[in-house]
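The values are calculated or read from the model by the stated rules, or taken from the named source; none is laboratory data. Remember, predicted model here, so these are calculated numbers, not experimental data. FYI the Cβ positions are ideal-geometry reconstructions off the backbone, even for glycines, and counts take in every protein chain you see.
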Amino acid sequence: MSKNFSELTFEEIKIGLTKEFDLTITQSLVDDFAKISGDFSPIHMNNEYANSTKFRRKIVHGMLLASLLSRMVGMYLPGKYALYSSQTLEFRNPCFIGDQITVLSTVTDKSESTKIIKIESKISNKQKDILLYGEGKIIVRDD
C-alpha cells in the first residue's frame, strides 16, 4: 500500500477541487474490519444467515465504507495537513464483496478564519449507485 500522500496547504485548496480513488471490496477487507471493529454480525459474516435476508447475500459493513473517508482525507484531500473535525454519513445502498467502488470527494466550502474546508463525499459502485454520502469538515493545519 502506498504511503504517498498529498501535501495540499489551505491556500492551495480551491472550492471545486475533487479527488477520487478506486478499490475492490474483498472478503479479506471485511474480515479485517470485523476483527478491528468487533462487529461480527451475521449479516456481514454468515452466508447462510445473509442468504435468508432481503439482500440474499452478505453485505459489507457500512462503517468499513465510512472508514475509507479517512483515507481520502488523510492521503488525498487535503492529505498531510488534515485533521478531521466532523463527518456526516448516509448509507444509501448496500455494498457487497467483490464490488468495485469509487470514493470521490469535492471541496464545497472553505473558511479563511477557521482554516476549515468542507468536503462532500460519495462512495459509489460500478453501476453508479451511491452507497454512502457524507459531508465532512476538515481543519487544514499549517504545522
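Kindly establish whether LYS19 is in a helix (DSSP H, G or I), farther than 17 Å from LEU131 by Cβ and of a type outside the set (A, V, I, L, M, F, W, C). Can you show your working first?
Values: in a helix (DSSP H, G or I): no; farther than 17 Å from LEU131 by Cβ: yes; of a type outside the set (A, V, I, L, M, F, W, C): yes.
Spelling it out, it is not the case that LYS19 is in a helix (DSSP H, G or I), farther than 17 Å from LEU131 by Cβ and of a type outside the set (A, V, I, L, M, F, W, C).
Comparison of SER86, SER105 shows that the only residue that is in a strand (DSSP E or B), among the polar types (S, T, N, Q) and crowded, with 20+ Cβ neighbours inside 10 Å is SER105. Which residues, taken from the range 45-75, are in a helix (DSSP H, G or I) and within 18 Å of ARG92 (Cβ to Cβ)? Of everything in the range 45-75, those that are in a helix (DSSP H, G or I) and within 18 Å of ARG92 (Cβ to Cβ) turn out to be GLY62, MET63, LEU64, LEU65, ALA66, SER67, LEU68, LEU69, MET72.
Within the option set GLU112, GLU48, GLU90, being in contact with a Pro (Cβ under 9 Å, 6 or more places away or on another chain) and among the acidic types (Asp, Glu) holds for one residue only, GLU48.
So, LYS35, is that one assigned to a loop (DSSP other than H, G, I, E, B) and farther than 29 Å from ASP142 by Cα or not? The answer is no for LYS35.
Checked against the criterion of being in contact (Cβ under 8 Å) with a residue 24 or more places away in the chain and over 16 Å from the mean Cα position of the chain (by Cα), the candidates GLN27, GLN100, GLN87 yield just one match: GLN27.
Scan the range 11-39 residue by residue and report those that are among the hydrophobic types (A, V, I, L, M, F, W, C), surrounded by 13 or more Cβ atoms within 10 Å (Cβ to Cβ) and out of contact with any Gly (no Cβ under 7 Å at 6 or more places or on another chain). Let's see the steps before the verdict.
In the first step, residues of the range 11-39 are kept if they are among the hydrophobic types (A, V, I, L, M, F, W, C); the result is 13, 15, 17, 21, 23, 25, 29-30, 33-34, 36.
Then drop every residue that is not surrounded by 13 or more Cβ atoms within 10 Å (Cβ to Cβ), which leaves 13, 17, 21, 23, 25, 29-30, 33-34.
Correct list: ILE13, LEU17, PHE21, LEU23, LEU29, VAL30, PHE33, ALA34.
Could you say which residue among ALA82, ALA50 is of a type outside the set (D, E, K, R) and either modelled with pLDDT under 95 or under 21 Å from LEU23 (Cβ atoms) (or both)? One residue alone meets the criteria, ALA82.
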